[in-house]
Each structure stands twice: as C-alpha cells, then as structure tokens.
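Trainee: Below: one structure in structure tokens.
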Amino acid sequence: MNKITIAIDGYSSTGKSTVAKQLAKALGYIYVDSGAMYRAVTLYAFQNGLISKGDFNKEALIHQLDKIELSFKFNDALGYAEVYLNGENVERKIRTLEISGFVSQVAAVAEVRAKLVVIQKKIGEDKGVVMDGRDIGTVVFPNAELKLFMTASAEKRAQRRYKELKERGDDITYEAVLQNVTERDYIDSHREESPLIKAKDAIEIDNSDLTLEEQFEKILRLVKMTTEGIE
Ligand code: CDP
Ligand code: CDP
C-alpha cells in the first residue's frame with residue numbers, strides 16, 4: 001500500500017491526537033503532535049521567566065529561539081513519540097491548563113511558527129506520516145493526500161478535556177477548561193500568521209456524537225479510499 005501524508009487540523013480537544021495515534025499504529029506511520037511543539041516552546045518561556053505574572057515577553061522569546069531544541073523520541077510502552085525540550089522529556093509538563101493558557105499567544109508569533117514549521121516539514125519528508133495541529137493541511141503539508149478538519153461543540157470538547165485532566169489528577173474546574181478551549185479557538189482562528197482555517201480540500205468531521213471507535217473507523221475508511229485512489 002502506498003504511504004501517504006495525513007494532515008489533521010481542527011479546534012482544540014476535538015480528538016485529533018487520539019485518532020492520529022490510532023491511525024499511526026494501524027498503518028505503521030509516524031505520528032507527530034505539532035501542538036506539543038508549541039506547548040514545549042511555551043514551557044521554555046515559563047521556565048526562563050519570559051512568561052511571568054500574566055505577561056508574555058514576546059521579543060525576549062524571539063531572541064532566545066535558537067536556544068530551544070525540540071526532538072521526539074519513540075516510547076515503546078506508549079506506542080508514540082514523546083516531545084523533548086533541550087533533552088528533557090516534557091510530555092506531562094506541557095499538558096497543564098497553565099501552559100494551555102498561554103500557548104495560543106506563543107503560537108501566534110511568526111518567528112516561532114517559522115522555526116517549528118521547518119522541523120515539521122522535515123519530519124514529513126518521506127510520507128507515511130500523520131500530523132495534527134492547526135495549519136497542517138494549509139501550511140505544513142499543503143499537498144497532503146488526505147486532509148481532515150475536526151470539529152465538535154465547545155461544551156462536548158470541554159467535557160472531554162476536563163475528564164482527561166481530572167483523571168490525571170489536575171486541580172481544575174469544568175468552567176476554566178471551557179473558557180480556555182473557547183479562548184484558544186478564538187485566538188487560533190483570528191491570528192494573522194497561519195490562522196486555523198479549513199483547507200479547501202479538507203474533509204470536515206464533526207465528532208460531537210461519535211465515540212472514539214466510530215471516529216476511528218470512519219477515518220480509517222477515508223484513508224483506505226485515498227490510498228486505493230492513488231495506487
Ligand atoms: O490538544 P489541544 O487541541 O488542546 O491543543 P494542541 O494541539 O496541543 O495545540 C496547542 C496550541 O498550539 C493550539 O491552541 C494552537 O495555539 C497551537 N498550535 C498551532 O498554532 N499550530 C499547530 N500546528 C498546532 C498547535
Ligand atoms: O488532540 P485534540 O486536542 O484534538 O484532542 P484529543 O486529546 O485527542 O482528545 C481530547 C479528549 O476527548 C480525549 O480525552 C479523547 O479521548 C476525548 N474524545 C472522545 O471522548 N470522543 C471523541 N470522539 C473524540 C475525543
């Protein structure tokens with residue numbers, strides 16, 4: 001079977017990374033969570049005092065960008081690659097609501113995007129890759145054979161994310177998660193640099209009423225149709 005590039009974009013907490021991991025496993029593809037890279041840069045900004053007392057020092061971050069080294073290492077037990085910031089596994093640290101509260105501001109910085117897009121394009125050079133994010137079908141892989149755009153109601157998404165954070169022990173409220181999800185959607189869709197928009201040739205999937213299994217089956221069928229179509 002020909003290997004293709006699968007680009008998955010959409011709003012926050014729509015199930016992009018879950019289905020991307022399932023697909024990568026089923027197809028033997030590489031999975032790349034591009035959001036993890038923006039989150040890791042945001043963590044760097046926190047750790048180095050560039051985000052402090054609610055203020056984000058954008059200029060200082062731009063000056064320090066060459067000090068940020070990001071990499072992915074495959075974790076056999078988990079079955080996917082985890083993100084490393086300057087050699088440290090930061091997979092858990094980047095998922096907090098604190099990081100979520102600033103990541104969209106960091107991701108709106110053109111210089112940050114330029115740096116990360118280069119890395120993302122390089123990882124996907126050889127196809128057989130599934131990448132999720134906000135600009136994968138529009139900017140990173142405009143020629144991807146299959147582009148998906150995931151949506152679901154904000155309340156459904158906030159419920160799902162709240163449950164996930166509660167289960168890992170984070171001290172948060174549903175209202176705070178809903179507010180973060182809504183705010184990020186707004187900033188991500190309205191920024192000047194690579195805003196979140198549905199690529200013209202993307203297939204929209206509203207999974208408000210789909211289980212993880214139903215969503216996976218539906219998307220796997222689309223992958224099969226796409227690969228058969230180009231063979
Ligand atoms: O998992 P969740 O939907 O909460 O977000 P994520 O995929 O981890 O992405 C975190 C943030 O990074 C998004 O809200 C965007 O601001 C930014 N992002 C982006 O701008 N471009 C991407 N390709 C991926 C993420
Ligand atoms: O990557 P993204 O932020 O788009 O979402 P995710 O981290 O894959 O999914 C957010 C949460 O929603 C996870 O806990 C998923 O298990 C859950 N989810 C679900 O319960 N049903 C769906 N159809 C999609 C996602």
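Trainee: Could you tell me whether the stretch 31-42 includes any residue that is away from ligand 2 (no atom under 16 Å from the Cβ) and not aliphatic (A, V, I, L, M)?
Mentor: no
Trainee: Specify which of the listed residues (Gly101, Gly79) is at positive phi, open to solvent by less than 60 Å² (accessible area, probe 1.4 Å) and in contact (Cβ under 8 Å) with a residue 12 or more places away in the chain.
Mentor: Gly79
Trainee: Right, another one. Which members of the stretch 1-15 meet the condition of being more than 13 Å from ligand 1 (Cβ to nearest atom) and of a type outside the set (D, E, K, R)?
Mentor: Selection gives Met1, Asn2, Ile4, Thr5, Ile6.
Trainee: Among the listed residues Ala202, Ala152, which satisfies the condition of being of a type in the set (Gly, Ala, Ser) and in contact with a helix residue (DSSP H, G or I) (Cβ under 6 Å, 6 or more places away or on another chain)?
Mentor: Going through Ala202, Ala152 in turn, just one is of a type in the set (Gly, Ala, Ser) and in contact with a helix residue (DSSP H, G or I) (Cβ under 6 Å, 6 or more places away or on another chain): Ala202.
Trainee: Just for strands (runs of 3 or more DSSP E) wholly inside the stretch 63-174: which have at least 3 residues that are closer than 16 Å to Glu193 by Cβ?
Mentor: none
Trainee: While we're looking at this one, here's another question. Could you check Asp201 against (1) within 16 Å of ligand 1 (Cβ to nearest atom); (2) at pLDDT 95 or above and say which number it fails?
Mentor: So the condition that Asp201 fails would be (1).
Trainee: Residue check: is Ile187 over 20 Å from the mean Cα position of the chain (by Cα), within 16 Å of ligand 1 (Cβ to nearest atom), under 26 Å from Gln105 (Cβ atoms) and touching a residue at least 12 places away in the same chain (Cβ under 8 Å)?
Mentor: Criteria not met by Ile187.
Trainee: Report the residue count in the stretch 192-209 for those that are without any contact (Cβ under 8 Å) to a residue 12 or more places away in the chain and either within 14 Å of ligand 2 (Cβ to nearest atom) or among the aromatic types (Phe, Trp, Tyr) (or both).
Mentor: Number satisfying all stated conditions: 1.
Trainee: Shifting gears a bit: Out of all the residues in the stretch 179-221, which are among the aliphatic types (A, V, I, L, M) and open to solvent by 30 Å² or more (accessible area, probe 1.4 Å)?
Mentor: Within the stretch 179-221, Ile187, Ile197, Ile203, Leu210, Leu212 meet the criteria.
Trainee: Answer with yes or no whether Val129 is farther than 20 Å from Ile8 by Cα and either in contact with a strand residue (DSSP E or B) (Cβ under 7 Å, 6 or more places away or on another chain) or crowded, with 19+ Cβ neighbours inside 10 Å (or both).
Mentor: no
Trainee: Filter the stretch 204-225 down to the residues that are of a type in the set (A, V, I, L, M) and either assigned to a helix (DSSP H, G or I) or within 15 Å of ligand 1 (Cβ to nearest atom) (or both) and list them by number.
Mentor: Ile205, Leu212, Ile219, Leu220, Leu222, Val223, Met225
Trainee: Follow-up question, since we're still on this one. Being among the small types (Gly, Ala, Ser), within 12 Å of the chain's Cα centre (by Cα) and more than 9 Å from ligand 1 (Cβ to nearest atom) is the filter here, so list the residues in the stretch 16-33 that pass it.
Mentor: Ala20
Trainee: Then there's this: Applying the selection to the stretch 15-61, what residues are more than 28 Å from Lys156 (Cβ to Cβ) and in contact (Cβ under 8 Å) with a residue 24 or more places away in the chain?
Mentor: Once the filter is applied, which keeps residues that are more than 28 Å from Lys156 (Cβ to Cβ) and in contact (Cβ under 8 Å) with a residue 24 or more places away in the chain, the stretch 15-61 yields Gly28, Ile30, Val41, Tyr44, Ala45, Phe46, Ile51, Phe56, Lys58, Leu61.
Trainee: Here is a check on your reading of the model: is Asp170 more than 12 Å from ligand 2 (Cβ to nearest atom), surrounded by fewer than 17 Cβ atoms within 10 Å (Cβ to Cβ) and modelled with pLDDT under 95?
Mentor: yes
Trainee: Here is a further query. Being within 13 Å of ligand 2 (Cβ to nearest atom) and either without any contact (Cβ under 8 Å) to a residue 40 or more places away in the chain or open to solvent by 40 Å² or more (accessible area, probe 1.4 Å) (or both): is that true of Arg161 here?
Mentor: yes
The values are calculated or read from the model by the stated rules, or taken from the named source; none is laboratory data. Treat the numbers as computed from the prediction; the structure is a model and nothing was measured. Methodologically, a virtual Cβ is constructed for each residue, glycine included, from the backbone with ideal geometry; neighbour enumeration extends over all protein chains shown. Side chains are part of the model used for accessible areas, which takes the heavy atoms of the whole protein and leaves out ligands, DNA and RNA. Shrake-Rupley method; radii C 1.70, N 1.55, O 1.52, S 1.80 Å.
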